[in-house]
């Protein structure tokens, strides 16, 4: 049984890993793609990757040699879940416009309020008259 301080360190590492994985995923994969995914996909992949990271650390600490078979197996799991995140993000990247178009196939107009640049251009045109 590991001492209390080691268990506390593993729990802290798990919580930091969750924050790091979600932040890295949103920065690399794009927050727009993450917003399209269902919550349970993000939860499953994030918790699985974070757990694999902590398992790799625990197996490196528990054995005499840090690079052992269990550590390498955990790192393969980390690689697998990372590639799964890439695949899911790429899938949602390819299918992000499927729901944006209407049933008739005609895209809607994008109405945007005038920016400061457009307002200044209008003032310059009025001043020249």
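A few notes on this one:
- Within segment 1-30, the residues that satisfy the criterion of being in contact with a helix residue (DSSP H, G or I) (Cβ under 9 Å, 6 or more places away or on another chain), within 30 Å of residue 97 (Cβ to Cβ) and in a helix (DSSP H, G or I) are 21, 22, 25, 26, 28, 29.
- When residue 10 is tested against the conditions (1) closer than 27 Å to residue 95 by Cβ; (2) surrounded by 11 or more Cβ atoms within 10 Å (Cβ to Cβ), the lone failure is (1).
- Test: residue 88 is surrounded by 18 or more Cβ atoms within 10 Å (Cβ to Cβ) and either more than 16 Å from residue 19 (Cα to Cα) or at pLDDT 95 or above (or both): yes
- Segment 40-79: number of residues that are farther than 26 Å from residue 3 by Cα and either touching a residue at least 60 places away in the same chain (Cβ under 8 Å) or out of contact with any helix residue (DSSP H, G or I) (no Cβ under 8 Å at 6 or more places or on another chain) (or both): 5
- Verdict on residue 72 being within 12 Å of residue 85 (Cβ to Cβ) and in a helix (DSSP H, G or I): no
The values are calculated or read from the model by the stated rules, or taken from the named source; none is laboratory data. No experiment lies behind these values; they were computed from the predicted model shown. With ideal geometry, Cβ positions are generated from the backbone for all residues, glycine too; neighbour counts draw on all protein chains shown.
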